[in-house]
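S.K.: Sharing a structure below in structure tokens format, with a few things to ask.
The numbers here are math on the coordinates, done by the rules we state, and not lab data. Keep in mind that this is a model prediction, so the values were computed, not measured.
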Ligand code: C5P
């Protein structure tokens, strides 16, 4: 396709969400956080205590999921059946459940069409783990946004504490390390740097610096 597509992959806590949100506004792109799709399926699995891959894939294929920009102050929120599920999806337990259902091939397959068609026929930016490798292999821009485990865990701990969740740094770091390992080692669409992707390490960057770095990379192609 000749749509302008930007793929941003990398581990949790590297800054993908903020960077993509800002890039979407700056360049007029539709934005989809593909992790929210897996979190939605993970949340459903938790709530129903249902871990059968085929049943979850069937649910995923027909779920009423939307990802909406609620403005600069609030940011993008995920909705299921028109209900804002942002807070539930951001909890670490949803992230852990997401990485479990994300290892199921039928679930991944069920979410592909939605991701590929996102924002069509317009330009779009998608972030996740396999956007540059599997979802949008023809994307004009591919970025792998990463940071050290400690830097990422520190950011996520602060983010959760600001929301009033009582979490410890070591607990978050251990959960993240486990999730990274599960994402990188799974047999279907593991998290790897896509061919042709630019690697951006944000360990020593502020969020505005990360945004600027990515904006420069996109601007070269746009
Ligand atoms: O990015 P986020 O932390 O919200 O993603 C939650 C989980 O969803 C990841 O740990 C990963 O297992 C899964 N995921 C995926 N492929 C994507 C996006 C997320 O497998 N494209």
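S.K.: Kindly give Rg over Rh for the stretch 103-199, based on alpha-carbon atoms, with the Kirkwood expression for the hydrodynamic radius.
M.R.: Ratio value, two decimals: 1.02.
S.K.: Which log10 I(q)/I(0) values does the chain give at q = 0.10, 0.17 Å⁻¹ under the Debye formula, counting every alpha carbon as one identical point scatterer?
M.R.: Listed by q, the Debye log ratios stand at -0.40, -1.32.
S.K.: Let me ask something else about it. D for the stretch 56-159, whole µm²/s, Stokes-Einstein with Kirkwood Rh over alpha-carbon pairs at 10 °C and 1.306 mPa s: what number?
M.R.: Rounded to a whole number, D works out at 101 µm²/s.
S.K.: Same structure, new question: Among DSSP bridges having both ends in the chain, what percentage is antiparallel? Round to the nearest 5.
M.R.: Beta bridges within the chain, antiparallel portion: roughly 30 percent.
S.K.: Turning to a different aspect of this structure: Restricting to Cα pairs below 8 Å that are 6+ residues apart, what does the relative contact order work out to for the stretch 131-173? Please round to a whole percent.
M.R.: Computed value for the stretch 131-173: 30 percent relative contact order.
S.K.: Averaging sequence separations of C-alpha pairs under 8 Å and six or more residues apart, then dividing by the length of the stretch 90-188, give the relative contact order as a whole percent.
M.R.: Dividing the mean separation by the residue count of the stretch 90-188 yields 34 percent.
S.K.: Follow-up question, since we're still on this one. In deg cm²/dmol, rounded to 500, what helix-only [θ] at 222 nm does the chain give when every DSSP H run of at least 4 residues adds -39500 (n - 2.57) and the total is split over its residues?
M.R.: -15000 deg cm²/dmol
S.K.: Where the Cα atoms of the stretch 1-73 are projected onto their three principal axes, how long is each span, largest first, in whole Å?
M.R.: Here the spans come out as 40, 30, 24 Å, largest first.
S.K.: Explain nothing, just the number: relative contact order of the chain, from Cα pairs under 8 Å at least 6 residues apart, as a whole percent.
M.R.: That works out to 34 percent.
S.K.: If you don't mind, another one. Could you work out the equivalent-ellipsoid semi-axes for the stretch 52-95, taking the square root of 5 times each eigenvalue of the Cα gyration tensor, largest first, in whole Å?
M.R.: Calculated on Cα positions only, the semi-axes equal 23, 13, 7 Å.
S.K.: Using 0.36 nm per residue, how much length does the chain from residue 182 to residue 163 gain when fully extended, once their Cα-Cα distance is taken away?
M.R.: Roughly 4.2 nm would be gained on extension.
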